[in-house]
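See structure below.
The values are calculated or read from the model by the stated rules, or taken from the named source; none is laboratory data. Here the structure is a predicted model, which is why all the values come from computation and not from measurement. Glycine gets a Cβ as well: all are built from the backbone with ideal geometry, and neighbour counts include every protein chain shown. SASA here: full protein model, heavy atoms, side chains in, ligands and nucleic acids out. Shrake-Rupley method; radii C 1.70, N 1.55, O 1.52, S 1.80 Å.
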Amino acid sequence: MSAPTVTLDCRGQACPRPVIELGRHLGDIEIGEVIAVAADDVAAHHDVPAWARMRGQEFVGEVEAEDGVPVYRIRRLS
Amino acid sequence: MTEPFTYLDAASAEPLHPAAREVLLAAADQGYADPRRLHRPARNAGLLLSNAREVVAEALGVRRDEVLFTSSGTTAVHAGLLGLGSHGIGHSAVEHQAVVDAARWSRRSPVTELAVDDEARVEVSAVQDAVRAGDVDAIAVQQANHEVGTLQPLDEVASAAGPVPLFVDACASMGRLPLPLAGDAVAGSARKWGGPGGVGVLVVRRAARWRWPFPGDEWSRTDQGFSNIPGALAAAAALQAVVAEREEVNARQHELISLVRERVRTEIPDVDVAGPADGRLPHLVTFSALYVDGEALVTALDRIGVGVASGSACTSDTREPSRVLAAMGALTHGNVRLSLTRDTTREDVERMLDALPGIVKDLRAEAGL
């Protein structure tokens, strides 16, 4: 899995904040690069892949940060 | 003078049907006694209750002795499911919380969640797999989904289940749709068809291997506890009326919901309309707007006099997103479930649709998008 260019820290933020941050910062990376978001909100587990599908981006997967918080990765396609 | 309010939450509770109102008042005066006693007021109460059972049986096309009244739809679901089998339970991933709770409470094992597709339709192969594994002796699949409206392929589910008994939660659909042929036990909730709250209906097929799973006589197929006789009679009157009107009402509602699906999709950017366009309940639709807080959306609609439900985490007691939306891969935040009452008009729906794009835009602007 490619290393993310940008990682957003959304620990402690409730839905839909982590997805809003993704929307705001997707433009910070180039097409083909990966953006990651660390989010402990349970809804993010469903909503980050749904966001990628709706916005035509590629959901790469989910890994765990050292503190156990899920980190979701998305590749910018457009 | 109160402002007019457009109530679009019939899937939580339909307003009392006019056919139920008079019956409820009359039966409250007449149906107070304990029908098990041997005096005249008891006989009157017994007559009313048996009348209610007769009307419900006829409306659903079942035998009178297959109809039980319970103290709520939830109780009908609990008893209907847990009365079947004694080992593992398989249920679709989009069942109502009452089914999930019943399975967990029973401590029966294993509890297998049956996968659904992206329109919330249960995978028949998942039913086959669960049956083939041999450790499931009750299967629960609803007739129609309460959040997104998807109709389940019950005939295929029943044939995949084979000898394993099937429980069907029909709380979202009873009265609106014909009772499914499949199902050893089928549950309904009166307040969802315009009857009073606190009345459930449990249909137990005569051939079903079912017993009452709670304290009481497990082999009895009569109502447990003291029946809500006025409630049952009013529920029966509403059910009879809803069945008689459903062809006309369903066609009108189906068209209005199609209008909502179409306009929401074309007039609001980044919105996820969940569930199938056809093969659904006629009166409800669920959609989610990206970057929008569900609670804020419901509150903004309430402010303009429109009442809707939401499956977003921030609107739930548990702060968990809707299991239904999650299981189908739909967006869970910014969610609205809108469900029409029998007399919702096109004007009501259009008023909401005209306001919605501006509300969503403002909420997104507040979020910095």
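Quick notes on this one:
- All positions within the stretch B:283-329 that are touching a residue at least 60 places away in the same chain (Cβ under 8 Å), more than 8 Å from chain A (Cβ to nearest Cβ) and in a loop (DSSP other than H, G, I, E, B): B:His283, B:Gly305, B:Val308, B:Gly311, B:Ser322, B:Met328
- Contact map, the stretch B:61-77: first residue closer than 17 Å to B:Arg211 by Cβ, second residue among the hydroxyl-bearing types (Ser, Thr, Tyr) and buried (at least 19 other Cβ atoms within 10 Å of the Cβ), Cβ cut-off under 8 Å, separation 6 or more or different chains; pairs are B:Ala76/B:Thr70; B:Ala76/B:Ser189.
- Members of the stretch B:337-369 found to be under 18 Å from B:His283 (Cβ atoms), of a type outside the set (Val, Ile, Thr) and not in a helix (DSSP H, G or I), listed by number: B:Arg337, B:Leu338, B:Ser339, B:Leu340, B:Arg342, B:Asp343
- Matching residues in the stretch A:20-33 - criterion: being facing another protein chain (nearest Cβ under 10 Å) and of a type in the set (A, V, I, L, M, F, W, C): A:Ile20, A:Leu22
- Residue match in the stretch B:164-172 (condition: open to solvent by 30 Å² or more (accessible area, probe 1.4 Å) and in contact (Cβ under 8 Å) with a residue 24 or more places away in the chain): no
- Verdict on B:Arg37 being outside any helix (DSSP H, G or I) and open to solvent by 70 Å² or more (accessible area, probe 1.4 Å): yes
- Some residue of the stretch B:225-238 being free of Cβ contacts under 8 Å to residues at least 40 places away in the same chain and more than 14 Å from chain A (Cβ to nearest Cβ): no
- For the stretch B:332-346, taking the residues that are over 30 Å from A:Ala14 (Cα atoms) and of a type outside the set (S, T, N, Q), the one that is nearest to the chain's Cα centre (by Cα) is identified as B:Leu340.
A quick yes/no check of all residues on (1) open to solvent by 60 Å² or more (accessible area, probe 1.4 Å); (2) under 23 Å from B:Arg121 (Cβ atoms); (3) in a helix (DSSP H, G or I):
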| position | (1), (2), (3) |
| --- | --- |
| B:Ala235 | no, no, yes |
| B:Glu248 | yes, no, yes |
| B:Glu262 | yes, yes, yes |
| B:Thr266 | yes, no, yes |
| B:Pro269 | yes, no, no |
| B:Asp278 | yes, yes, no |
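Per-residue answers, yes or no, for (1) among the polar types (S, T, N, Q); (2) within 14 Å of chain B (Cβ to nearest Cβ); (3) more than 27 Å from B:Asp118 (Cα to Cα):
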| site | (1), (2), (3) |
| --- | --- |
| A:Ala3 | no, no, yes |
| A:Val6 | no, no, yes |
| A:Gln13 | yes, yes, yes |
| A:Pro18 | no, yes, no |
| A:Ala36 | no, no, no |
| A:Arg75 | no, no, no |
